[in-house]
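Some notes on the structure that comes next.
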Amino acid sequence: MAKKERILVINPGSTSTKLAVFDDNEKIMSASVSHPLDEVKHFTWVMDQFDYRMGLIKKALADNGIAEESLTCVMARGGLLPPVPSGAFKVNKDMVDYFYAQKVNTHISNLACVLADAIAKPLGIPAMVYDPVAVDELDDISRITGMPEIPKKSRGHVLNSRAMARKCAEEVLGKKIEDCTIIVLHIGGGCSAWLSHKGRLIDCYSDDDAGFAPERCGRLQAMDLAMLCYSGKYTKEEMSRYIRGNSGLKAYLGTSDGREIEAMIEGGDEKARLLYDAMALSHAKGIAELAAVVNGKVDRIVVTGGLGHDKIFVGMLVPRIEWIAPVEVMAGEFEMEALAAGGLRVLRGEEQAHDFVWQR
């Protein structure tokens, strides 16, 4: 019988660091270490938080009785790498150096691989990232838009969406992900939709070019958006926050909380019902467009993310898309499980990890 792998998963966010430890696929520890604003506000660069976060990670492991020496692998949330294929990437010197060289447009996830490397290297165990946010496998035809200066970019919830496509392929269809065509809609505060075809994410919609979401604007008519941007009503920074964070249902209803909106609808609020239905319709259109890429030959559609729990939204969405393919609802987010499962496949020899090479 093969020995169990003990995998530490590190997923840093702006106000917390999520940690989990898995024995193979079994989660034996889960923690979310909070980072109050008064503790992080003095850091001017994400990489400056290394010592601060490392100390808290080690304390959390000790508090939960996890000896570092018992670990066999460390998995980290992938940061803002250059465009890369899906799958696992070994954390190496090029990756660490790349993130330390990034001084603008940084994200706290950039720190994850550095934390993982610092824990793994003294133990002589592998550290990896899996399906980072920079995954880009779009077909060339999918990149083309009507403006050469603005090609489509691969952007969105790659980690959870690809994990749900794999889960659907293996557990529902009884096949490998490479043998299926699956559309995945991830919707929570933001959203993205993905077309997984033969194991590759060949097309997608992010939260500003298809359906709108509780906090995202979705697709808009370009000329009207351009006029609003130049109207003097908003600064560049204000418009950026409006598009990604303060638009969508939040702009109409003053809240992006699906539970609150569901209560409004159940209480007879017809405006809330209309907006929810419009949101469902906007995503149905995006899913239908992705289906067109493969001539409608789709094995399954998966709905995941936080709003997958919302029976009203799902009830409005599913009738509009089930003519394309059967729909599987896999509500919630499974990023920690996806990272651990990806690492386990590499450790078992079921996948090969990529080597990251920084093209300086």
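The values are calculated or read from the model by the stated rules, or taken from the named source; none is laboratory data. All figures in this text were calculated on a predicted structure; none of them were measured in a lab. Reconstructed Cβ throughout: ideal geometry from the backbone, glycine too, with neighbour counts over all protein chains shown. For the accessible areas, the whole protein counts, side chains as well, though only heavy atoms, and no ligand, DNA or RNA atoms are used. Shrake-Rupley method; radii C 1.70, N 1.55, O 1.52, S 1.80 Å.
Applying the condition of being open to solvent by 30 Å² or more (accessible area, probe 1.4 Å) and within 17 Å of residue 333 (Cα to Cα) to region 305-317 and asking which residue is nearest to the chain's Cα centre (by Cα) yields 306.
For every residue, the table says whether it meets (1) open to solvent by less than 30 Å² (accessible area, probe 1.4 Å); (2) over 29 Å from residue 77 (Cα atoms).
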| residue | (1), (2) |
| --- | --- |
| 319 | no, yes |
| 324 | yes, yes |
| 332 | yes, no |
| 349 | no, no |
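The residue of region 319-341 that is nearest to the chain's Cα centre (by Cα), among those that are more than 19 Å from residue 189 (Cα to Cα) and β-branched (Val, Ile, Thr), is 327. Note on region 4-55: among residues that are more than 24 Å from the chain's Cα centre (by Cα), more than 30 Å from residue 349 (Cβ to Cβ) and at pLDDT 90 or above, the one that is surrounded by the fewest Cβ atoms within 10 Å (Cβ to Cβ) is 51. For region 115-162, the set of residues classified as over 29 Å from residue 7 (Cα atoms) and of a type in the set (Val, Ile, Thr) consists of 141, 144, 145, 150, listed by residue number. Tallying residues that are surrounded by fewer than 17 Cβ atoms within 10 Å (Cβ to Cβ), of a type in the set (A, V, I, L, M) and assigned to a helix (DSSP H, G or I) within region 66-103 yields 1. The sole residue among 14, 30, 70, 109 that is among the small types (Gly, Ala, Ser), out of contact with any strand residue (DSSP E or B) (no Cβ under 9 Å at 6 or more places or on another chain), closer than 21 Å to residue 339 by Cβ and in contact (Cβ under 8 Å) with a residue 24 or more places away in the chain is 14. Of everything in region 271-290 that is open to solvent by less than 30 Å² (accessible area, probe 1.4 Å) and either in contact with a strand residue (DSSP E or B) (Cβ under 8 Å, 6 or more places away or on another chain) or polar (S, T, N, Q) (or both), the residue that is farthest from residue 259 (Cα to Cα) is 290.
Going by the conditions given, is residue 148 open to solvent by less than 70 Å² (accessible area, probe 1.4 Å) and either within 30 Å of residue 287 (Cα to Cα) or outside any helix (DSSP H, G or I) (or both)? No; evaluated as a whole, the condition is false for this residue. Does residue 171 fit the bill of being under 19 Å from residue 138 (Cβ atoms), assigned to a helix (DSSP H, G or I) and not basic (Lys, Arg)? Taking the combined requirement at face value, the residue does not satisfy it.
Restricting attention to region 200-223, report how many residues are touching a Lys or Arg at 6+ places or on another chain (Cβ under 8 Å), open to solvent by less than 10 Å² (accessible area, probe 1.4 Å) and in contact (Cβ under 8 Å) with a residue 60 or more places away in the chain. Within region 200-223, residues that are touching a Lys or Arg at 6+ places or on another chain (Cβ under 8 Å), open to solvent by less than 10 Å² (accessible area, probe 1.4 Å) and in contact (Cβ under 8 Å) with a residue 60 or more places away in the chain number 4. Just a yes or no: is a residue in region 237-257 touching a helix residue (DSSP H, G or I) at 6+ places or on another chain (Cβ under 9 Å), without any contact (Cβ under 8 Å) to a residue 40 or more places away in the chain, more than 30 Å from residue 323 (Cα to Cα) and charged (D, E, K, R)? Checking region 237-257: not a single residue is touching a helix residue (DSSP H, G or I) at 6+ places or on another chain (Cβ under 9 Å), without any contact (Cβ under 8 Å) to a residue 40 or more places away in the chain, more than 30 Å from residue 323 (Cα to Cα) and charged (D, E, K, R). Selection of helices (runs of 4 or more DSSP H) fully inside region 266-360 by the criterion of at least 3 residues being at negative phi and of a type in the set (Lys, Arg) returns 270-293. Kindly check whether there is at least one residue in region 110-125 that is surrounded by fewer than 22 Cβ atoms within 10 Å (Cβ to Cβ) and touching a His at 6+ places or on another chain (Cβ under 8 Å). Looking through region 110-125, none of the residues is surrounded by fewer than 22 Cβ atoms within 10 Å (Cβ to Cβ) and touching a His at 6+ places or on another chain (Cβ under 8 Å). Being touching a Ser or Thr at 6+ places or on another chain (Cβ under 9 Å) and open to solvent by 40 Å² or more (accessible area, probe 1.4 Å) holds for only one residue in 302, 293, and it is 293.
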